[in-house]
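Accompanying notes for the structure given below.
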Amino acid sequence: MKFQEFTLERIQSLYENTVEHNLSDSGVHPYTLRELLNPEQLSSLLDVELGYGWTNGGTELRQSVANLYKNRTPDDVIITNGSAEANFLLVMSVLNPGDDLIVFVPNYLQMWGWAKALGVNVVEVQLREELGWLPDMDELHAAITPRTKMITICHPNNPTGSLLDEAAMTELVDIARAHDLYLHADEVYRGSELDGHETATFADLYDKAIVTAGLSKALALPGLRIGWLVGPADVIYTCWQAKDYTSITTSAISEYVANIVIQPEKRAEVLNRSRTLLNANVDLLSGWLKENNQYSCHLPKAGGMAFMRYAMPINSTKLIHEIREKRSIMLLPGDVYGLDGYIRIGIGAPIEHLRVGLKELSDYTKNNFA
Ligand SMILES: Cc1ncc(COP(=O)(O)O)c(C=O)c1O
């Protein structure tokens, strides 16, 4: 088996901790435990027993996750180490060499790369910039073959922050149902919608939907490494069997904190913090774009990143490395999505970081490409 480099993660791993202003993240600036929990909760952490726990996640936590969806039980849920492990298990458990997996691109590309390594035939359907980074459903129809087993969508989308409206979500479900396909949605950015209206989850719309979610992005807690899958109980059980070969279980401390965070009132509080920060940063970015006409962007509707097109004659990987080396700002190149001519900028950082980052980016652009 041969892995193609997961360039998006590789570039971040190499450089994101080496710069003064990291604007390469896609989530919201993380909490400390002290900010997140009250003194009583902090003190109760000291009594958490550091055992293995349940390898598919504690029953109480799985019940709390199930409560986030309609008509779900703990058997429809598995808790994973980040949503990355959720995606990993799903590909490993459901797809076989020779199956077709339809992937809307651009997207995070983890499922894309892992499925390819397993010999799955990955079929791309483009999100169209001219449609506000949404798909043309005729292209989806054309991509389906008798070998298609699953469609996967990142929704809200990484890197563009685009969102399907209700009609398009229904259309996608109808297409999956008509062909009896699994529909996988990576919903880690759900809940961070800037207008405050939380998008429906595919898990509530289709019995063969499998949803990835977790605490890392909209909920601003990537260091807890808690994700999950919600889906048909037989699929979840197969993923649980695969988990025996990966990490066995998640951390007892993280599960304990997760169960506090996803209770409705706390979850609403955390999401409110995320949306407040993101809205302020999108306003800043939108003002900056008006004054920096070498850059343009469909502003994101959700998530902690914006995908900007630029007009300068320079390769995106070269551009981000120059800015990193000369200005200590970390951005992501469109190249990691196979889209040169774009950069991804994090808008989930504290506003001062974004302000400095944008100023450095304008100065660099003016000095080099005026
Ligand atoms: C769409 C998407 N899914 C999954 C992940 C993995 O996140 P984590 O494992 O921290 O939950 C990321 C990280 O950027 C992502 O963007």
Applying the Karplus parametrisation 6.51 cos²θ - 1.76 cosθ + 1.60 with θ = phi - 60° to the phi angles of region 101-116, what ³J(HN,Hα) value in whole Hz is obtained for each residue in order, glycine and proline being reported as x?
10, 8, 10, 6, 10, x, 7, 4, 6, 6, 4, 4, x, 6, 5, 4
Quote to one decimal, in nm, the extra length available between L42 and Q294 on full extension: 0.36 nm per residue of separation minus the C-alpha distance between them.
85.9 nm
Prolate/oblate/rounded call for region 60-171, Cα gyration tensor, a/c under 1.5 rounded
oblate
Classify the chain: rounded, prolate or oblate, from the alpha-carbon gyration tensor (a ≥ b ≥ c, eigenvalue square roots; a/c under 1.5 rounded; otherwise prolate if a/b is larger than b/c)?
oblate
Lysines near K290 by alpha-carbon distance under 17 Å, same-chain residues fewer than 8 away left out - which ones?
K359, K366
To the nearest 500 deg cm²/dmol, what mean residue ellipticity at 222 nm is calculated for the chain from DSSP H runs of n ≥ 4 alone, each contributing -39,500 (n - 2.57), summed and divided by the residues?
-12500 deg cm²/dmol
Portion, in percent, of the accessible area of region 48-266 that falls on carbon or sulfur, probe 1.4 Å
52
Label point 7 Å beyond Cα of N67 along Cβ direction - residues of region 42-60 with amide nitrogen under 16 Å:
58-60
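Can you give the accessible area per residue of the chain, in Å², using a 1.4 Å probe?
Each residue of the chain exposes 43 Å² on average to a 1.4 Å probe.
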How high is the FRET efficiency between D136 and T55 when r is their beta carbon distance and R₀ equals 30 Å, given to the nearest 0.05?
0.10
Given unit charges at Cβ for Lys, Arg (+) and Asp, Glu (-), the dipole magnitude of the chain about its Cα centre in debye, nearest 20, is 700
Euclidean distance between Cα centres, region 1-36 to region 289-327, Å:
18
Grab the other residues whose beta carbon is less than 14 angstrom from that of T152, score K and R as +1, D and E as -1, and report the net.
-2
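So which of K70/K301; K217/K326; K243/K301 end up more than 27 Å apart by C-alpha?
Numbers: K70/K301 24 Å; K217/K326 29 Å; K243/K301 34 Å.
As for pairs spanning more than 27 Å Cα to Cα, those are K217/K326; K243/K301.
The values are calculated or read from the model by the stated rules, or taken from the named source; none is laboratory data. If you're wondering where the values come from, they're calculated on a predicted model, not measured in any experiment. Every residue, glycine as well, gets a Cβ built from its backbone with ideal geometry; the counts of neighbours run over all protein chains shown. Note: areas computed on protein heavy atoms with side chains; ligands, DNA, RNA excluded. Shrake-Rupley method; radii C 1.70, N 1.55, O 1.52, S 1.80 Å.
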